[in-house]
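Input: a single structure, listed below in structure tokens.
The values are calculated or read from the model by the stated rules, or taken from the named source; none is laboratory data. Quantities reported herein were computed from a predicted structural model and do not represent experimental measurements. We place every Cβ from the backbone using ideal geometry, glycine too, and count neighbours over all the protein chains shown. Heavy atoms of the whole protein, side chains included, go into the accessibility calculation; ligands, DNA and RNA do not. Shrake-Rupley method; radii C 1.70, N 1.55, O 1.52, S 1.80 Å.
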Amino acid sequence: MYFQIFGVYFFFFVLEKLFLLSSRKDLYFFTRFEKLFRVGGSALNSGGYRKITKKGDVHMLSMKKTGFVSVLGMSLVLTACGGDDTGGDNDDGVTTLHFWGGVPAENGPQEVVDEWNENNPDVQVEYSRYVNDDEGNMRVNTALQTGESIDILKSHSPNHLEQRVDSDFLLDLADYAGEFDIEGSVGPAAERWKMNDTYYAVPTNTNALFIMLNEDALEENGLEVPETWTWEEVAEYANELGSDFPYGYAIDHDTIHGIIQNALIDDGFVDENGESNLDHPNVREGLALYYDMMHEDGVMPVLSEQVATNMQPEQMFIDGEVGMYQAGAWRLRMLNDLDEYPRDFNVAFAPYPHFEGQSMPAHHVEDAMSIVAETDHPEEAWEFIEWYANEGMIHLAPGGRVPASEDGPAEEARELIVEGAEDTYNLDSLNSVYEIENTEMIVDPPYQVLDNITQELEMFFLGNNDLDTTIERMVNFHNDYLERNR
Amino acid sequence: MSSQEKIKNKSPKKINYYKLIMTIVMTFTGLVMIIPFFWMLSTSFKSPAEIFEYPIQWIPSTFNLGPHERVWFGEFSFFTYYWNSIKIAVIGTAGATFIGAMAAYGFARIPFKGRNGLFVLYLMMMMVPPQVLFVPKFIMFDFAGIYNTHWALILPTIFTIIGVFYMRQFFLTIPHAISESAFIDGAGHFRIFFQIFLPLAKPAIATFAILDFSWNWNNYEDALVFLISEHLFTVPLGLDNFVMEFSVDYAGMMAAATASVLPIVLIFIIGQRYIIEGVASSAVKG
Amino acid sequence: MKWMKRQQMIGYLFILPSIIGVSIFFLFPLLFSLVLSFTNWSGPSGRGTEFIGMENFQRILGDEVFRQAFFNNFLYLIHVPIAVFLGFLVAVFLNRSVYMKNALRAVFFLPYLISPIAIGFVWMLLFHPSEGPINVMLMSLGVDNPPGWLSSTGSSMYAIIIMSAWQIMGFNIIIYLAALQGVPRELEEACSMDGAKKWQITRYVTFPFVSPITLFLLIIGVANAFKNFGLIQAVTGGGPGNSTTILPLYVYQTAFRYYELGYASTIAIILFLVIFAITLLQWLGQKKWVHY
């Protein structure tokens, strides 16, 4: 590190010396130049200067013109820009609710809103889509702060919801839910969204986690589609398939921390003493397993290389370059689209793996809908949310979304999520993925901890740090974080 | 016959030969420089599967016009985005150029008390990381009622610091002899500014205007945070429409990005005339 | 005396509009974040914010990510002089010794306008550790172990430096081109008749003439190196590990991902002081080589 700083200084040093050395000659040429200029200037003073003035006059005129035009333009814009009315009520007694979510309108929300608007002429809903990344969520938070542009909000991560709850942006749904028992109808998985012992949001979507398998390749290798399996077995499968494919197994690089969440599924990120649990034996086992798959067996892309070369595992899976791809229901939209993403094999589904003797991870419930505190129409907003969670959700099924509420049309949705490509799937295996038992909810650590884990894992899988160092560093960071936020 | 032409006539062959080689070298370098642009253009005609093929397909197997159609005739109103962007960029650039040139002249040519201190303060302000400005800016805009209007984007850009700095530096290269002789003739600062400096500094002003236009045109973060209503959106926000939930519609996005680069290129081609023409046509070189 | 006063008044008049705007849009927010840096503001609305004295500054001392980002940032700075130097060379060639000037100028400016996503995408292909053209070339030149570029912590920052230099070169070229228009042809010709070689003229006439602009480009370059991170975000996101994390990226994450705005302000203030110190050094050093 010091060497690098030294390098920078050295660079500047040399640069400066170069300038210094030549400065005398510079001066020489420069004075010559100035002299030349003065002479030229005075010689042409009579003719040349007037010439400038003349040109200047013309320029002056055009400046005036542009000045006028820009003033005109500004006043025009002033009237045009004059604020935007985002208020709720129109004169004719129709209530307009502004609904923000991260799903692109054409992937379902527009249809949901259209259906609602048709049946509820008095309460019209307008959908705005935000991009669910850091910047997009920052925009949402800013808008929430002004308090008048959003009535209903869909959050896509418990971390974001927590920030919003802590800032008093959202209403406690206990005051509105009435008959609708959130935990009762969504099940224990809903607890992922529970804050301050109550719910500020209703999760609406069950997002199944699974591993996609190239069924044709499995059959060729005489492998069964597993109904439950451990990480050891995943590695075995990957090695078997590794001979047929460049990679037997691949994941999206930004889900690398999943194995740690999985390892701590029963014991949690924090132990009973309030200390980090990241040195749990399961974490160790999982990381060693991934490391071997990347470096020893070469059946999984090395993490840093995957990031640096912009590897697209979903595309590689479809192209037959990856045997198994860890994903979830959200990828079904792409797989259903056989025109844009043609493939020549069938896909089977295996549940997310688990560690020996530990629970399986429950499917995520996501897309949590909230009422914004500043809204003038909380009752109407709740009505919409309840309807959305139970009936409206069906329009989002083609993107892999199954209603989380047990009153919702889950069966119907499960048929729709594969529509158009039913014949290319092993549907029995998909159904059994949805029916898994002995599950436990996955905990999401705060972003600070999550990002640190990702960085440490990158270093580990690069071979820069060994396993002990990696775990020690993760634990230290986590404990510091816990200490700071106690 | 100017002296330059004389030199040319003396040994026309030698110079042309050198020029030709340089042209070839520079063209080659230039082509390397714009490889990403080729990629952008070719991707905008590709089918999704083809985009990630390696080695790169520089010429798509079939020219798929779908992405461009999605941009212009899809469900997003790119014409509105375009109009908004033009409005913001034109007003912002015009204001910044004028106010910036004035301040630059003040800093470069009028000796007043505390000038250097003030200028260092300016430099300081230029160093402020924009990320920390968001929250205070937001609070101010909300208070002033210009949150979610185009003013939230236009006003901060009008008061450019980089423009003041740049034009000041350029004004400093204009020989004192010129303004002094005008001064002796009884011209005041305003006249010298309008009649001598503005025409003389045309290359700098045109350059700054082009750059400022491109910054305003590409301003993504301010637009993202300060604009909420879709009818106010600008072109960079329009690109976000091609970010799907779990993937990116690269073809559509690159089609939109291509469309978004064109106006700046147009402005550049128009403005370039002034950059080059500038001093060459005025009498300064005498 | 009266005349001097009038001069001063006119001077203030010229900069007044700018001063007002800059105070509102830059000075005030800067003071605001200075205040924030002594608080524990967290979360979007800052509910329950309290003054915590120097706690944030103490935290910085033990913050490893900050330390790494800080050093990375200095290494990252190298791209600025490289891009200024190359930009000057290209501008000089483009200014006199080529045909098709207009078209070529546009070509060199274009990279500055292309979306970071496209830039990132293509450079990631060029830097591909095993199949990328850069490493293929290195290997054919006899380099046995070419760097992994973006995929290794040791070389990722150098890849970023190359990309950044490439990206801001277009900007430098355009600025230089405008400045070169002011260089009097007669002077260059007089020198060349005196027997000076082309590179000598460039070095001893042209370069001093545009030195105020060079200063501008260096200062702006350094400031932007501490402010912008669009390309890094698009290409590596700061990784692998933290090897390409630079301070503005860390400020951004702390502020708008973790929503620790108080702490983010503290980092930003430190960052600000660092850039300012460098700029001041450049400003004071200009006497040695900048000619007005």
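Restricting B:Phe194, B:Phe190, B:Phe170, B:Phe183 to those that are over 20 Å from B:Ile264 (Cβ atoms), part of a helix (DSSP H, G or I), open to solvent by 10 Å² or more (accessible area, probe 1.4 Å) and facing chain C (nearest Cβ under 8 Å) reduces the list to B:Phe190.
Entry remark, the stretch C:263-282: residues being of a type outside the set (A, V, I, L, M) and either within 16 Å of the chain's Cα centre (by Cα) or closer than 13 Å to C:Asn224 by Cα (or both) number 4 in total. Listed conditions (1) open to solvent by less than 40 Å² (accessible area, probe 1.4 Å); (2) touching a helix residue (DSSP H, G or I) at 6+ places or on another chain (Cβ under 8 Å) are all met by A:Val270, apart from (1).
Scan C:Lys227, C:Lys288 and give me the residue that is closer than 28 Å to C:Ala178 by Cβ and either within 9 Å of chain A (Cβ to nearest Cβ) or among the small types (Gly, Ala, Ser) (or both). Steps first, answer last, please.
Details: C:Lys227 fails: either within 9 Å of chain A (Cβ to nearest Cβ) or among the small types (Gly, Ala, Ser) (or both).
It is C:Lys288.
Residue count for the stretch A:230-247 under the criterion of being over 28 Å from the mean Cα position of the chain (by Cα) and either surrounded by fewer than 20 Cβ atoms within 10 Å (Cβ to Cβ) or within 21 Å of A:Gly400 (Cβ to Cβ) (or both): the result is 8. Among the listed residues B:Phe28, B:Phe73, B:Phe78, identify the single one that is surrounded by fewer than 18 Cβ atoms within 10 Å (Cβ to Cβ) and more than 14 Å from chain C (Cβ to nearest Cβ). The conditions single out B:Phe73. Could you tell me whether B:Ala89 is assigned by TED's automatic domain parsing to the domain that holds B:Asp212, under 29 Å from B:Gly163 (Cβ atoms), open to solvent by less than 40 Å² (accessible area, probe 1.4 Å) and of a type in the set (A, V, I, L, M)? Judged against the criteria, B:Ala89 is a match. Does C:Leu16 count as part of a helix (DSSP H, G or I) and either in the same structural domain as C:Val183 (by TED's automatic domain parsing) or surrounded by 15 or more Cβ atoms within 10 Å (Cβ to Cβ) (or both)? So C:Leu16 fails the test. If you filter the stretch B:210-237 down to residues that are within 13 Å of chain A (Cβ to nearest Cβ) and without any contact (Cβ under 8 Å) to a residue 24 or more places away in the chain, you find that the one that is most open to solvent (accessible area, probe 1.4 Å) is B:Tyr220. Checking the structure you have, find out if any residue of the stretch B:99-120 is surrounded by 16 or more Cβ atoms within 10 Å (Cβ to Cβ), more than 30 Å from C:Leu13 (Cα to Cα), touching a helix residue (DSSP H, G or I) at 6+ places or on another chain (Cβ under 7 Å) and assigned by TED's automatic domain parsing to the domain that holds B:Ile205. No, the stretch B:99-120 contains no residue that is surrounded by 16 or more Cβ atoms within 10 Å (Cβ to Cβ), more than 30 Å from C:Leu13 (Cα to Cα), touching a helix residue (DSSP H, G or I) at 6+ places or on another chain (Cβ under 7 Å) and assigned by TED's automatic domain parsing to the domain that holds B:Ile205.
For the stretch B:50-73, filtering for residues that are in a loop (DSSP other than H, G, I, E, B) and either of a type in the set (Ser, Thr, Tyr) or free of Cβ contacts under 8 Å to residues at least 60 places away in the same chain (or both) leaves 13.
Highlighted here are the helices (runs of 4 or more DSSP H) found entirely within the stretch A:307-400 that include at least 2 residues which are open to solvent by 40 Å² or more (accessible area, probe 1.4 Å): A:378-390. Total residues in the stretch C:145-190 satisfying the condition of being surrounded by fewer than 20 Cβ atoms within 10 Å (Cβ to Cβ), at pLDDT below 90 and hydrophobic (A, V, I, L, M, F, W, C): the figure is 1.
When the stretch A:259-274 is examined, which residues are found to be under 12 Å from A:Met474 (Cα atoms) and either of a type outside the set (A, V, I, L, M) or not assigned by TED's automatic domain parsing to the domain that holds A:Leu289 (or both)?
Just the residues of the stretch A:259-274 that are under 12 Å from A:Met474 (Cα atoms), to begin with: A:260, A:269.
Result: A:Phe269, single match.
Which ones in the stretch C:209-246 are touching a Lys or Arg at 6+ places or on another chain (Cβ under 9 Å) and touching a residue at least 60 places away in the same chain (Cβ under 8 Å)? Walk me through it before giving the result.
At the first step, the residues of the stretch C:209-246 found to be touching a Lys or Arg at 6+ places or on another chain (Cβ under 9 Å) are C:212, C:216.
Across the stretch C:209-246, the qualifying residue is only C:Pro212.
Total residues in the stretch A:161-194 satisfying the condition of being open to solvent by less than 30 Å² (accessible area, probe 1.4 Å), within 19 Å of C:Gly48 (Cβ to Cβ) and part of a helix (DSSP H, G or I): the figure is 4. Examine the stretch B:52-66 for a residue that is of a type in the set (Ser, Thr, Tyr) and away from chain C (no Cβ under 14 Å), and state whether such a residue exists. There is at least one residue in the stretch B:52-66 that is of a type in the set (Ser, Thr, Tyr) and away from chain C (no Cβ under 14 Å). Taken over the stretch A:120-151, residues that are open to solvent by 10 Å² or more (accessible area, probe 1.4 Å) and within 24 Å of A:Gly399 (Cα to Cα) amount to 9.
Residues that are farther than 23 Å from C:Ile160 by Cβ and open to solvent by less than 10 Å² (accessible area, probe 1.4 Å) were ranked within the stretch C:262-284; the one that is nearest to the other protein chains (Cβ to nearest Cβ) is C:Ser265. Take the conditions (1) open to solvent by 10 Å² or more (accessible area, probe 1.4 Å); (2) more than 11 Å from chain B (Cβ to nearest Cβ); (3) under 30 Å from A:Val165 (Cα atoms); C:Thr236 misses just one of them, which is (3).
Of the residues B:Ala206, B:Ala177, B:Ala152, the single one that is under 17 Å from the mean Cα position of the chain (by Cα), assigned by TED's automatic domain parsing to the domain that holds B:Gly271 and either open to solvent by 10 Å² or more (accessible area, probe 1.4 Å) or closer than 30 Å to A:Met138 by Cβ (or both) is B:Ala206. Restricted to the stretch C:80-112, and to residues there that are at the interface with another protein chain (Cβ under 7 Å from one of its Cβ atoms) and polar (S, T, N, Q), the residue that is most open to solvent (accessible area, probe 1.4 Å) is C:Asn102. Is it fair to say C:Ile134 is facing chain B (nearest Cβ under 7 Å) and hydrophobic (A, V, I, L, M, F, W, C)? When the stated conditions are applied, C:Ile134 does not pass them.
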